[in-house]
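Below you'll find the structure, written out as structure tokens, and then a few comments.
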Amino acid sequence: MNELLYEIGVEELPSGYIHPAATALKEGVLSRLSGLGVTFGDVSAYATPRRLALSIKDLPDTRPQRTVKHYGPPAKAAYDSNGALTRAGSGFAKSKGVDVGLLKTEKTDKGDYLCVEIQEGGEPLKDILADTLSQVTLSLSFPKSMTWGAGGVSFARPIRWVVAVFGGKPVEMKIGGVNAGAMTTGHRFMSSGQIGVTRREDYLSSLRENFVLADVEERKRTILSQAKAQAEKHGASLVEDDELLETVAYITEWPVPLWGSFDKEFLALPEELLVTTMKHHQKMFAVKGPDGKVTNGFIGVSNTATPNADAIVAGYRRVLRARLSDAKFFFDEDRKKPIEHFNDKLKDAMYQKKLGTMADKAKRVTALAEYIAGVVSPETKATAIRAGQLCKFDLTTQMVFEFPELQGVMGREYARHSGEAEEVCLAIYEHYLPKGAGGELPSTLAGAIVGVADRMDSIVGCFGIGLIPSGAQDPFALRRNALGIIQIVFNKLARPVSLGALIDVAIEGYGGKLDMKPSEIKEKVLEFFAGRLKSLWMQGGAPHDVADAVLASGFDDLADANLKAGAVTELKKRDFFEPLAITFKRVANISGGHVAKAISPELFEKPIEGELFGEIEKAEKEVLPLIVSKQYLKALERISDLRPVVDRFFNDVMVMAEDANVRENRLSLLARLSGLFGKIADFSKIVAG
């Protein structure tokens, strides 16, 4: 068995490009190998600003041989009335490179189709790898790419070297005019020169000896441990930040955390302003003192080990002082004006050409927040209204214009300075939370309410003018907004709020200015939320059919639907679920669309009908209270007790009896049972067997 070692050496990649590219390279190569029937062992991917690398172990010498069946056109299109091949039939044979005598006709679920079995494989794998690696590499997508040289190759940055070694020997291939070989390069400034590599262990150890930590997780561990040590050495503790750690790990190959400090006068600025300035503009970690407050220390991470570290720290300090001086100036100037001054300027700030100004958006958000508060917490209405009116004012301040990532933070601080109630100040900040999946949620109900209102206004408005997310295109972050609404509803709203009603009120806020009909907007937005819910549940371990079954039963109450999804997911883990699902699915399919009428016991022809009726009535008395109290798993467990009697019913009774009254009575019996478990999930969607 052989190992493939592959590396693309480039000029420094932007940090945000590296992880997606490394993942796409790994998945692309593995997908192509799997598609060719090639098996493999352990896989590792490595990435730094100057390299994307991949190691695959236990690869065979040759591609395994296998028989693959290819289907062509329908038989009726492949042969004429005389049984001779048509152009479609002979064209299929030609496209597969086989003699027409090898063609066969096979019956499928969709009818008779032309097919042919072809023996594939047997080629040396090194020949396949050259084409595979080249195609996958050049198909990598980046936000921006460059072309260079005479070859016209497009990549994020110019390719400078390529390592491609299979079974200890170089693979003959060329990418971007660069011939592949077995030589890599270490750190740009500290390496001794080119390095020969043939396998993963040599690759990692040789790069480490030449000041490159190829494994990003090792770089993260190094940064974190050394940064903590530096902070502790100076009597402080590191302000840990996973996002910043990821960024710094992808802008260094040999990270060296260094301690520095700035003038104490800047500690008069809000802590978030200090932390944000260090993080976003200088990629520095903030530190806290023993009292838990941010101090005037920082940890910068250099990409070079040097005896002249003081000079590097002096450079950090000089640039940071300039940024903090700007921030202090904007902070002082903004506070000289009342917040209504900035709120009035929203009339000149465009949100979106068709959707109006930021002042228009704030007005809609306020109205929607008032509606939500009236449903979930009337006592919070006044706070939610005031927070809605002020939630966007800081967008026109000098500080947020210069530091956009401080939106909300500065709104809270300036609102405090102006004497607004603390609940309003917090809601202004918290309506932007969560900022991403798994992010911090609002701590106040008013912040949660305004956050839902703001996001729903964006979703409805954008859908209403056709700005619907498609593929990777989502310029208004509507997927993230929908997820934010779902997370807030799941965790923060005290009472349920109807998703459909929320959409209706948001649509009304636009006063008929949207391009689509309200019914069309609502349909599309509900479909969008269904997709977000399904994705979220599946990420949490719910099977796709469980997600479909719960969604089909209704998700107007998002939090309630989430509880149902959890219950059905848990039920599916039980040993008895498979036969139960088959029975329930049969009940749902047979009774589907049937409106249950009053059941007439006098129409029962067999004892099992009366037995099932009695069991359903007993179950209803126990299950309905459980459903009301949202104890869905207990409700499903009680309903599952009915399976034996339902199975006997199907064995002894022909549901679709010739007598219309008997048939109607039996369908109503099943519909009543279906309605019981259908309150939790539509079992016709469950995949059983």
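The values are calculated or read from the model by the stated rules, or taken from the named source; none is laboratory data. Note that the structure is a prediction, hence the values are computed from the model and not measured. Neighbour counts run over all protein chains shown; Cβ positions are idealised from the backbone, glycine included. Protein only, heavy atoms only, side chains kept; ligands, DNA and RNA dropped before computing areas. Shrake-Rupley method; radii C 1.70, N 1.55, O 1.52, S 1.80 Å.
Summary table
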| item | result |
| --- | --- |
| Residue within the stretch 504-521 that is of a type in the set (Gly, Ala, Ser), farther than 28 Å from Ala427 by Cβ and loosely packed, with under 15 Cβ neighbours inside 10 Å present | yes |
| Answer residue from the stretch 533-591, given it is open to solvent by 30 Å² or more (accessible area, probe 1.4 Å), among the polar types (S, T, N, Q) and assigned to a helix (DSSP H, G or I) and is nearest to Val655 (Cα to Cα) among those | Asn589 |
| Selection count, the stretch 434-457, where residues are without any contact (Cβ under 8 Å) to a residue 40 or more places away in the chain and either open to solvent by less than 10 Å² (accessible area, probe 1.4 Å) or basic (Lys, Arg) (or both) | 3 |
| Given (1) out of contact with any strand residue (DSSP E or B) (no Cβ under 6 Å at 6 or more places or on another chain); (2) closer than 26 Å to Arg32 by Cβ; (3) among the hydroxyl-bearing types (Ser, Thr, Tyr), number of the condition Thr86 does not satisfy | (2) |
| Residues that are without any contact (Cβ under 8 Å) to a residue 12 or more places away in the chain and either farther than 22 Å from Val10 by Cβ or open to solvent by less than 40 Å² (accessible area, probe 1.4 Å) (or both), drawn from the stretch 22-48 | Ser31, Ser34, Gly35 |
| Complete set of residues in the stretch 128-145 that are open to solvent by 60 Å² or more (accessible area, probe 1.4 Å) and more than 21 Å from Val163 (Cα to Cα) | Pro143, Lys144, Ser145 |
| Residue list for the stretch 634-689, restricted to those being acidic (Asp, Glu) and either surrounded by fewer than 19 Cβ atoms within 10 Å (Cβ to Cβ) or without any contact (Cβ under 8 Å) to a residue 24 or more places away in the chain (or both) | Glu637, Asp641, Asp647, Asp652, Glu658, Asp659, Glu664 |
| Selection status of Leu213, open to solvent by less than 50 Å² (accessible area, probe 1.4 Å), touching a helix residue (DSSP H, G or I) at 6+ places or on another chain (Cβ under 7 Å), modelled with pLDDT under 95 and among the hydrophobic types (A, V, I, L, M, F, W, C) | no |
| Failed condition for Asp58, given (1) of a type outside the set (A, V, I, L, M, F, W, C); (2) closer than 30 Å to Leu25 by Cβ; (3) not in a strand (DSSP E or B) | (3) |
| Enumeration of residues in the stretch 374-431 that are farther than 25 Å from Lys336 by Cβ, among the polar types (S, T, N, Q), part of a helix (DSSP H, G or I) and open to solvent by less than 30 Å² (accessible area, probe 1.4 Å) | Thr380 |
| Residue among Leu125, Leu85, Leu103 that is open to solvent by 50 Å² or more (accessible area, probe 1.4 Å), modelled with pLDDT of 90 or more and of a type in the set (A, V, I, L, M) | Leu85 |
| Given (1) in contact (Cβ under 8 Å) with a residue 60 or more places away in the chain; (2) in contact with a helix residue (DSSP H, G or I) (Cβ under 9 Å, 6 or more places away or on another chain); (3) not in a strand (DSSP E or B), index of the condition Val162 fails | (3) |
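Yes or no, residue by residue, for (1) closer than 13 Å to Gly9 by Cβ; (2) under 39 Å from the mean Cα position of the chain (by Cα); (3) of a type in the set (Ser, Thr, Tyr):
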{"site": "Lys110", "(1), (2), (3)": "no, yes, no"}
{"site": "Cys115", "(1), (2), (3)": "no, no, no"}
{"site": "Phe142", "(1), (2), (3)": "no, yes, no"}
{"site": "Met183", "(1), (2), (3)": "yes, yes, no"}
{"site": "Glu201", "(1), (2), (3)": "no, yes, no"}
